[in-house]
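So the structure is just underneath, and the comments pick up after that.
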């Protein structure tokens, strides 16, 4: 069972990262970015290409995260901010989903590719724990920046109320670009952490996006800490259910996050880790 | 004359023009009050001055033109706007709300703690809620926090849209005494939108009457 829990934590770290990316872009634009998983997949291909070309893993990873940041920021400035209305934004992210998927298929084909893990020489359980630790380190640092730095304060202010932020002299456009860049970076981390277990191919993140939705809903959509904890819980639950619940097995594992989403929305819409909205009228 | 100078200001929403070419001014350290019924265009004038709505005409603050600039740029030029809406960041604590408002200053990091203490001295009720999310404050407390946030910017021009809305009469009177004190001691130029003449008599240097998007009367302090 310990082995399964460790494996679940390893997968959950990836779900947590993608869930956090979803939450970040949601808090800035008020909509769910359906392209978040595909952007993560694209970044993972970039990392794979770097490694194939001889770059060490621990150099390829930060370089990829930096490129993902720039790509996310540029996407916000060139595409997202020019679209008005929530419906238009949702359709745009679905369009990005299709476009990025097609682009990856065009450049790298649909062949399954092996992606190395961060700790290739460690036993599977320890490697998964190491991946979870790496994600925890990065996501924890991000949460600390958001909560305890001047930049984090500005980002949270923009996420709360863009008009008031503008009237406070904050360059909202740049902060939104930073927010999208950060979401794309965190998504890239998710892709790189999950690729060793999933194999790299253009449809790699489609299922993961459902797990990330479940994690974000479980944590309370909008809560960064909730998304991280939700990801870990979903990862462990999915692994344990797939192993120990007879009728679930490998085939029905994808149903686990859907059950989680429905159960949370019915029983506790604010999520397990989010507080109910306490705001005076 | 420096201070705020507005000439031929026209503003509105889409095709609907609400303000039809008004002139107004407030010298350095002066308080000008816009009075008038609902729908007169008072709020739209303030929104035009802070860049929230597109406007035509000429607006300058201490000789620097304001029209055509974005709201954040106008804020960094020293114009703080307390809107009718709450104007606070609901999930952020009271102290975080005040600290982030200092971003509009030329040197956003310098003297922030001193200015937070200064705001608390003006509005002691906020100090009691310093670690509380702004969204959980009462309507009146949120108005005071919005005003405190504006003061954190150390503005040269303060635009106040019905500052006493949601305040009890006694609290409203106290607020105008505070504004009077800030105006006298810090020399902040103010444009205040208000319904009640009696409330602003003490603090105002000039009062403009507005109706249907036009200025219909002007009284200066010497004439009341």
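The values are calculated or read from the model by the stated rules, or taken from the named source; none is laboratory data. This is a predicted model, so every value here is computed, not measured. Methodologically, a virtual Cβ is constructed for each residue, glycine included, from the backbone with ideal geometry; neighbour enumeration extends over all protein chains shown.
Kindly indicate whether any position in region A:143-158 is in a helix (DSSP H, G or I), within 22 Å of the chain's Cα centre (by Cα), modelled with pLDDT under 85 and more than 10 Å from every other protein chain (Cβ to nearest Cβ).
no
Looking at residue B:132, is it more than 16 Å from the chain's Cα centre (by Cα), closer than 30 Å to residue A:222 by Cβ and away from chain A (no Cβ under 14 Å)?
For residue B:132, the condition - more than 16 Å from the chain's Cα centre (by Cα), closer than 30 Å to residue A:222 by Cβ and away from chain A (no Cβ under 14 Å) - is not met.
Considering every residue within region B:14-28, establish whether at least one is out of contact with any helix residue (DSSP H, G or I) (no Cβ under 7 Å at 6 or more places or on another chain), part of a loop (DSSP other than H, G, I, E, B) and touching a residue at least 60 places away in the same chain (Cβ under 8 Å).
There is at least one residue in region B:14-28 that is out of contact with any helix residue (DSSP H, G or I) (no Cβ under 7 Å at 6 or more places or on another chain), part of a loop (DSSP other than H, G, I, E, B) and touching a residue at least 60 places away in the same chain (Cβ under 8 Å).
Counting only residues that are within 8 Å of chain A (Cβ to nearest Cβ), surrounded by 20 or more Cβ atoms within 10 Å (Cβ to Cβ) and not in a strand (DSSP E or B), how many does region B:53-82 have?
4
Return a yes/no flag: does region B:86-101 have any residue that is within 11 Å of another protein chain (Cβ to nearest Cβ), within 25 Å of residue B:204 (Cβ to Cβ) and buried (at least 23 other Cβ atoms within 10 Å of the Cβ).
yes
Determine, yes or no, whether residue B:148 is surrounded by fewer than 20 Cβ atoms within 10 Å (Cβ to Cβ) and either outside the structural domain of residue B:49 (by TED's automatic domain parsing) or part of a helix (DSSP H, G or I) (or both).
In short, no.
Is at least one residue of region B:137-144 under 30 Å from residue B:5 (Cα atoms), in a helix (DSSP H, G or I) and modelled with pLDDT under 95?
Among the residues of region B:137-144, at least one is under 30 Å from residue B:5 (Cα atoms), in a helix (DSSP H, G or I) and modelled with pLDDT under 95, which makes the answer yes.
Given the criteria surrounded by fewer than 24 Cβ atoms within 10 Å (Cβ to Cβ), within 30 Å of residue B:6 (Cβ to Cβ) and outside the structural domain of residue B:22 (by TED's automatic domain parsing), does residue B:107 qualify?
yes
Among the candidates B:49, B:34, single out the residue that is in contact (Cβ under 8 Å) with a residue 60 or more places away in the chain and either farther than 16 Å from residue B:21 by Cα or within 14 Å of another protein chain (Cβ to nearest Cβ) (or both).
It is B:49.
Considering A:188, A:214, A:195, A:183, which residue is under 21 Å from residue A:147 (Cβ atoms) and either more than 14 Å from every other protein chain (Cβ to nearest Cβ) or at pLDDT below 90 (or both)?
Only one candidate qualifies: A:183.
Given the conditions (1) within 11 Å of another protein chain (Cβ to nearest Cβ); (2) more than 18 Å from residue A:163 (Cα to Cα); (3) buried (at least 23 other Cβ atoms within 10 Å of the Cβ), report the number of the one that residue B:42 does not fulfil.
Of everything listed in (1) within 11 Å of another protein chain (Cβ to nearest Cβ); (2) more than 18 Å from residue A:163 (Cα to Cα); (3) buried (at least 23 other Cβ atoms within 10 Å of the Cβ), residue B:42 misses just condition (1).
I need the full set of residues from region B:118-131 which are in a helix (DSSP H, G or I) and surrounded by 11 or more Cβ atoms within 10 Å (Cβ to Cβ), in order please.
B:118, B:119, B:120, B:122, B:125, B:126, B:127, listed by residue number.
Would you mind finding the one in A:70, A:96 that is under 18 Å from the mean Cα position of the chain (by Cα), surrounded by 15 or more Cβ atoms within 10 Å (Cβ to Cβ) and in contact (Cβ under 8 Å) with a residue 40 or more places away in the chain?
So the residue among A:70, A:96 that is under 18 Å from the mean Cα position of the chain (by Cα), surrounded by 15 or more Cβ atoms within 10 Å (Cβ to Cβ) and in contact (Cβ under 8 Å) with a residue 40 or more places away in the chain is A:96.
Give all pairs with beta carbons closer than 6 Å in which a residue from region A:254-270 that is at pLDDT below 80 meets a residue that is assigned to a loop (DSSP other than H, G, I, E, B); count only pairs at least 6 apart in sequence or on separate chains.
A:270/A:220; A:270/A:276
Working only within region A:159-209, note down all residues that are touching a strand residue (DSSP E or B) at 6+ places or on another chain (Cβ under 6 Å), assigned to a helix (DSSP H, G or I) and surrounded by fewer than 24 Cβ atoms within 10 Å (Cβ to Cβ).
Once the filter is applied, which keeps residues that are touching a strand residue (DSSP E or B) at 6+ places or on another chain (Cβ under 6 Å), assigned to a helix (DSSP H, G or I) and surrounded by fewer than 24 Cβ atoms within 10 Å (Cβ to Cβ), region A:159-209 yields nothing.
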